[in-house]
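Data first, discussion second: the structure below is written as structure tokens.
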Amino acid sequence: MINIQKLFFQNIFWRGLFYVTSFLLNVLIARHFEAAFSGVIYYLINSCSLLTLIGSLSIESAIIFFGGSNQIGKNKLFYFSIAWTSLIGLLFLLITLFGASSFSNSLLLLNYKLALLFITGNILSAFMSGFFSAEKNFSIPSLIGMISNLLLIGMIFFINKDGWLTNQRYLFFYFCGFLFQGVLLLFILLQNKKSYRQVEFISSVDLKKLFTYVMIVFISNIISFFVFRVDYWFVHHYCSIAEVGNYIQVSKLVQLFFVLPAVLAAVVFPLTSSGHDKKINDLLPLLSRILLLAYAVICMALIIFGNWLFPFVFGNSFNHMYQSYLFYIPGILGMSALYTLTSYYAGKNKVIVNIKGCFYSLLIILLGDFLLIPKYGITAAAGVSSCGYLFYFGYVLNIFVKEYKVSLKDFFYFKKTDIYKIKNILLKK
């Protein structure tokens, strides 16, 4: 019998450690490179992330879904994922080599090399992490990511523009970290799971089943990506590079609020996909209430101290973060309660619910960004995104409440009995 409490604990603990080190690394990069140049770095990462999503086709979700439910053999999925990663890596390598002869700008060529490392590494990491998730093992991928972050954190203190570790070399190692994680996860799987050493090829029937599922999830993930990041391109086009750095840093801070919901969702998805959704149905409203209350307290604290705290933590060049953060708050609260619901519908193979809500949200954000960012800048970008997030949450919540006859107030009204329920979850063996 699956111990849901143990899975939640394991995922929260290890993912929490990973995100703590990720946050520290982000702060150090921001302080070292300052708003303008760190904005360039994160804008490049944003573009690479889109290419990674396209290249992966969200196959990692199929690995979790079909691997967790044993509808397709894990060995078949394993070697198919390696072949797919190799194909995408080779494609981008050819693009880089072909472009090398025509690039007169060495910085542009460097961007292509960094993109190759980022895309290949992240696709491999996502696929290999999918196999660990299918096995309900959430600790090893987070541990590997944490090790990579700690190495990069240590290295940043030795950057010297006149020494061996220049800014450019550090960026190369930073992007190498993604490939390092993927390769290490692959090696661990082969060492610990001897069954993966037996090569099996996926059948045409299984391949059709996989891509039928994947294309729906891929469409959902593409729309979701633009919901969270399309504003980066608008801000980059209409605002100064320093404002881009400030805004992306605010956005990254906001996404930290989504870490805990995403961690919980990472447990909900494989459990519902493998048929353990009865207890999950009871937990979802409770999780939403807890997250909303906790995040409301944190948001209030940052309203009081944020104007001083943001420049103190990230550096004086990040002095335009506070106002954007204020306009993001409603969206933070809405999205914090949304993640477990969307993951639930993904695990139930009802991704169409997520797609519709995400699509309507994207339309709101696109229209708002087009009309308001040219005049009101990064503050408008934050406010528009917040409106889109709230609509997305409201849409999915409305469907869930009607479908499962749950009271709407169960998602918002914190009860005294919740304290005992939380205590039982934390202490139950």
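Looking only at the stretch 212-245, count every residue that is touching a Ser or Thr at 6+ places or on another chain (Cβ under 7 Å) and either not in a helix (DSSP H, G or I) or not hydrophobic (A, V, I, L, M, F, W, C) (or both) and tell me the total.
Adding up the residues that qualify gives 3.
Could you check, for the stretch 392-407, whether at least one of its residues is of a type in the set (A, V, I, L, M, F, W, C), without any contact (Cβ under 8 Å) to a residue 60 or more places away in the chain, closer than 27 Å to Ser343 by Cβ and surrounded by fewer than 18 Cβ atoms within 10 Å (Cβ to Cβ)?
Yes, there is a match, as at least one residue in the stretch 392-407 is of a type in the set (A, V, I, L, M, F, W, C), without any contact (Cβ under 8 Å) to a residue 60 or more places away in the chain, closer than 27 Å to Ser343 by Cβ and surrounded by fewer than 18 Cβ atoms within 10 Å (Cβ to Cβ).
Please enumerate the residues belonging to the stretch 370-385 that are under 14 Å from Gly331 (Cβ atoms) and surrounded by fewer than 23 Cβ atoms within 10 Å (Cβ to Cβ).
Selection gives Thr379, Ala380, Gly383.
Among (1) hydrophobic (A, V, I, L, M, F, W, C); (2) farther than 30 Å from Gly245 by Cα; (3) touching a residue at least 40 places away in the same chain (Cβ under 8 Å), where does Ile378 come up short?
Of everything listed in (1) hydrophobic (A, V, I, L, M, F, W, C); (2) farther than 30 Å from Gly245 by Cα; (3) touching a residue at least 40 places away in the same chain (Cβ under 8 Å), Ile378 misses just condition (2).
From the list Leu91, Leu77, which residue is surrounded by fewer than 17 Cβ atoms within 10 Å (Cβ to Cβ) and either modelled with pLDDT under 95 or part of a helix (DSSP H, G or I) (or both)?
Answer to the selection: Leu91.
Give the stretch 51-67 a look and list any residue that's aliphatic (A, V, I, L, M) and either farther than 30 Å from Ile216 by Cβ or buried (at least 18 other Cβ atoms within 10 Å of the Cβ) (or both), or say none.
Leu53, Leu57, Ile59, Ala62, Ile63, Ile64
Considering (1) free of Cβ contacts under 8 Å to residues at least 40 places away in the same chain; (2) touching a helix residue (DSSP H, G or I) at 6+ places or on another chain (Cβ under 7 Å); (3) more than 24 Å from Asn398 (Cα to Cα); (4) of a type outside the set (A, V, I, L, M), say which one Tyr360 fails and leave the rest.
With (1) free of Cβ contacts under 8 Å to residues at least 40 places away in the same chain; (2) touching a helix residue (DSSP H, G or I) at 6+ places or on another chain (Cβ under 7 Å); (3) more than 24 Å from Asn398 (Cα to Cα); (4) of a type outside the set (A, V, I, L, M) applied to Tyr360, the lone miss is (3).
Checking Phe187 against (1) surrounded by fewer than 15 Cβ atoms within 10 Å (Cβ to Cβ); (2) farther than 22 Å from Ile82 by Cα; (3) aromatic (Phe, Trp, Tyr): exactly one of these is not met. Which one?
Answer for Phe187: the failing condition is (2).
Among Gly154, Gly130, Gly163, which is touching an Asp or Glu at 6+ places or on another chain (Cβ under 7 Å) and either at pLDDT below 90 or closer than 18 Å to Ser22 by Cα (or both)?
Testing whether each residue is touching an Asp or Glu at 6+ places or on another chain (Cβ under 7 Å) and either at pLDDT below 90 or closer than 18 Å to Ser22 by Cα (or both) leaves just Gly130.
Restricting attention to the stretch 333-364, which residues are within 30 Å of Ala36 (Cβ to Cβ) and crowded, with 24+ Cβ neighbours inside 10 Å?
Met335
Is it true that some residue in the stretch 323-330 is within 23 Å of Tyr395 (Cα to Cα) and either at pLDDT below 80 or more than 23 Å from the chain's Cα centre (by Cα) (or both)?
no
Does Leu256 satisfy the condition of being touching a residue at least 60 places away in the same chain (Cβ under 8 Å) and either surrounded by 20 or more Cβ atoms within 10 Å (Cβ to Cβ) or not hydrophobic (A, V, I, L, M, F, W, C) (or both)?
So Leu256 does not fit the description; no.
Working carefully through the options Phe226, Phe211, find the one that is touching a Leu at 6+ places or on another chain (Cβ under 7 Å), more than 14 Å from Thr342 (Cα to Cα), at pLDDT 90 or above and not β-branched (Val, Ile, Thr).
Going through Phe226, Phe211 in turn, the sole match is Phe226.
Under the condition of being crowded, with 16+ Cβ neighbours inside 10 Å and of a type in the set (Gly, Ala, Ser), which residue from the stretch 140-163 is farthest from Leu24 (Cα to Cα)?
Ranking the qualifying residues of the stretch 140-163, first place goes to Ser142.
The values are calculated or read from the model by the stated rules, or taken from the named source; none is laboratory data. Treat the numbers as computed from the prediction; the structure is a model and nothing was measured. Neighbour counts run over all protein chains shown; Cβ positions are idealised from the backbone, glycine included.
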